[in-house]
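Worksheet: one structure, shown below.
Any read-out appearing in this document is the output of simple, stated calculations on the displayed coordinates, not a laboratory observation. Every value quoted in this text rests on a predicted model; they were computed, and no experiment measured them. Neighbour counts are summed over all protein chains in view; Cβ atoms, including those assigned to glycine, are modelled from backbone coordinates with ideal geometry.
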Amino acid sequence: MVTSPRVLTSSGELAGRWAAVFEEAGVRPRVLELSNRFPEERSLEIPFSALESADTALADEILVRPEEVLDSGARAMRELLPVRGPEAQGLRLRVTGLPATAHRVIREIREGDLNRFLAIEGIVRKATEVRPQIRDAVFSCAACRAEVHELQDETSPIFREPIECYTAQGGCGKPASRTRFRLLPEKSVYVDSQRIEIQENPESLRGGAHPQGLSILLTEDLTGRVIPGNRVVAVGILKSLQRATASRTGVVRSTTFDLILLGNSLESEQREYAEIEVSEEELREILLWQGDPTVIDKIVLSLAPTIKGMEEEKEAIALQLFGGVEKRQPDGIRIRGDIHILLVGDPGTAKTQLLRYIADVAPRGIYTSGKGATAAGLTAAAVKDDFAGGRWVLEAGLMVLADGGVAVIDELDKMTPEDSSAMHEVLESGTCSISKAGITATLNARCTVLAAANPRFGRFTPDRSFAEQVNLPPTLLSRFDVIYSIFDRPDRQKDRLLANRILESHRAGEVREVGAETSESPSGGGPFPPEFLRKYIAYARRTFRPVLSPEALASLEDYYVQVRKQGEDPNAPVPITARQLEALVRLSEASAKARLSSVVTMEDAQRAIKIVTSFLARVATTEGRLDIDTLATGVTHSQRERLDLLLDLMRRLQTDKGTFSLEELKAEAEKIGIPPARADALFYSLRNQGEVVESRPNHWQLVRF
């Protein structure tokens, strides 16, 4: 908090100081240019650093009593105009780039900050429509026809009317009880007005703290510049607004006041992960690992080091944290660089613990559970709010707030199909389209999704395909770049090793709890501490945009063509599609970022191929052959062939007898190589889809014969 003495007192002295600053900064041509472009442009932006270098005392004063100092600066701007036109009153002075002493975290704002010039960082959660707000209301007195002006409080939603016909303005002096006042809208003065609400950046919250918000009033050319999900730095004057509630006796005013920031300037955080500060010493330590061939292995070991095993999954997640390169094509099409990963595993495989660790270590990570998430909570909602004066406003959900970061969703299978379908657009294109309550908007939701789910029947069974055991629609599954199934199978050697490591972790925790250190107490940590890893990831993501080398390009192309060749046989399933090729590119780029390299090498491509091959072998293999239809449609190639055979058999039986029984169907199906259990499952699947109906007990017919 600024505690410098107030050395500048009179408004004349302040205006003189501003004139000297403008002279030194060569501002006069810019002011003249603004006056020529008025009203399309009306703001003169002055960096605080330029003001401080020109006049330190004035810079100190603007932080302590900003209203008076800014008014003097606007008056000094008007003095630079050769001719006083309507733009003289419309030009605005805006200050950007406040020092660190003027920056405040929303939850740390106190009464001492009232009426001070502050900079607040946050993410836009709500934004109202831009509407005209009356500033100078002109009324006509019914008794004497005089016109009186009543200035309005810009922070208050309450409209203020004259209490008397002011004699100072040429009125008759009658009080409001003895005359009536009629508003003259055509003579009143209006300004564009918009209210937004920002909340603390999700990555700054730790320990489950609830994010706090702050309302900001934007006027004139500051309006309409942000939408929910944007990260901004708002500079303005902190004001208080008294709470009031209606009662039978009138308006009851509270002793508690709400806070509102009168916006002076608004800066969007365009730079990725700009909020993560890396010191010079930390940067030197990060760059020491540039070119080290073992750095990715060390990053993998540093992810949830107390959770032993799952090396393949951790390697894919490590690359996910770095992400690929987003591309914009000449025709405007966006190719995402975000890598989406889904973990489907048996109970007790530490999926939730791994996800919570990733949410903490990611530079921008938000965690939620599918049990408590809805479509509106994940994407965005239109809500009717007093914040907007009872109008509908757009409120950002988790994926919009996680724009540019990682959205971690546990228990994805517990979400309803209606809610999970809201994720389709976000996963594919990184946007969230809303059309509700007359509001049509498209918000950015360029986030990486890491999700976890449990098998449909509680635990994986070997006699069913992966798609049959996952309670998620194929359209959602196909949008994940990497899907891992995690099995919990008893194995004496692995179980002993896992039990030993878990018990060692408990032992180490007990030792730390009592404050003792022994030579046998393991540290349980990874090569990189979590805070260093966060800064390493943030630096890599905002600095490097790797390009595929010819060798890496050829390697990925050869792999794709070779695997696709397996499906050239007429009876063979489709092994992979172009979606997997794009996943290979993203993983290769992420590998190069993790190495702090601007070139994707052959080794990066091979690492990506290894990850894709591993996950396809787990979840997209049927009878020893790759079959991507398992994920894309939920029906394997062999199932589709059997279904076609069964439908032909039903048509033949129905042609011969008019109807057929289930026993007849299974007996005939066994003759053509379909086991009774599989025929039974396919039959009931058709019945549930409404393709087969029971005309009378145990007599079935095809609906579409």
- Message: In Å, what Kirkwood hydrodynamic radius results for segment 637-702 from the alpha-carbon pair distances?
- Response: 11.7
- Restricting to the chain, compute how many DSSP beta bridges are antiparallel as a %, nearest 5. 70
- To the nearest 0.05, how large is the calculated FRET efficiency for Arg625 and Glu694 if R₀ is 60 Å and r is the Cβ-Cβ distance? 0.95
- In the structure shown, do any of Lys187/Lys239; Lys414/Lys666; Lys371/Lys610; Lys414/Lys593; Lys298/Lys535 have a Cα-Cα gap over 25 Å, and if so which? Lys187/Lys239; Lys414/Lys666; Lys371/Lys610; Lys414/Lys593
- Task: Just grab the label-to-label distance for Arg356 and Ser140, each label 7 Å out from Cα along the Cβ direction, in nm (one decimal).
- Result: 6.9
- Message: Tell me whether segment 518-622 comes out rounded, prolate or oblate; compute the Cα gyration tensor, take square roots of the eigenvalues as a ≥ b ≥ c, and use a/c under 1.5 as the rounded threshold.
- Response: oblate
- Item | Part-to-part distance (alpha-carbon centres) for segment 105-170 and segment 651-671, which is given in Å | 80
- Query: Taking 0.36 nm per residue of separation and subtracting the Cα-Cα distance, what length does fully extending Thr56 through Arg131 add?
  - Reply: 23.2 nm
- Cysteines in the chain lacking a second Cys C-beta under 4.7 Å: Cys432, Cys447
- Message: Cβ neighbours within 10 Å, averaged per peptide: list 580-591, 226-237 in order, most packed at the top.
- Response: 580-591, 226-237
- Excluding same-chain residues fewer than 8 positions from Lys174, which aspartates and glutamates have a Cα within less than 16 Å of its Cα? Glu147, Glu150, Glu161, Glu164
- For the pair Glu220 and Glu551, the simple spin-label estimate (label points 7 Å beyond Cα toward Cβ) gives in nm 5.9
- Message: Let's test the formula: R0 of 22 Å, r as the Cβ-Cβ distance of His210 and Thr155. What FRET efficiency results, to the nearest 0.05?
- Response: 0.30
- Message: Per 0.36 nm of contour for each residue apart, how much would the distance between Glu111 and Glu277 grow if the chain were fully extended, relative to their Cα-Cα spacing?
- Response: 56.9 nm
- Item | Net length gained if the chain between Arg501 and Glu68 were fully extended (0.36 nm per residue, minus Cα distance) | 149.3 nm
- Debye log10 I(q)/I(0) at q = 0.07, 0.08, 0.10 Å⁻¹ for the chain, Cα point scatterers: -0.67, -0.82, -1.09
- Task: Take the Cβ-Cβ distance between Ser433 and Glu33 as r, set R0 to 45 Å, and report the resulting FRET efficiency rounded to the nearest 0.05.
- Result: 0.70
- Computed over the Cα atoms, what is the radius of gyration of segment 124-252 divided by 2.2 N^0.38 Å, N being its residue count? 1.42
- Under a straight-distance cross-link criterion of Cα-Cα below 21 Å, which lysines are reachable from Lys671, leaving out those fewer than 8 residues away in the same chain? Lys657
- Query: Which value in nm describes the separation of the simple spin-label points at Ala100 and Leu241, placed 7 Å from the Cα toward the beta carbon?
  - Reply: 3.3
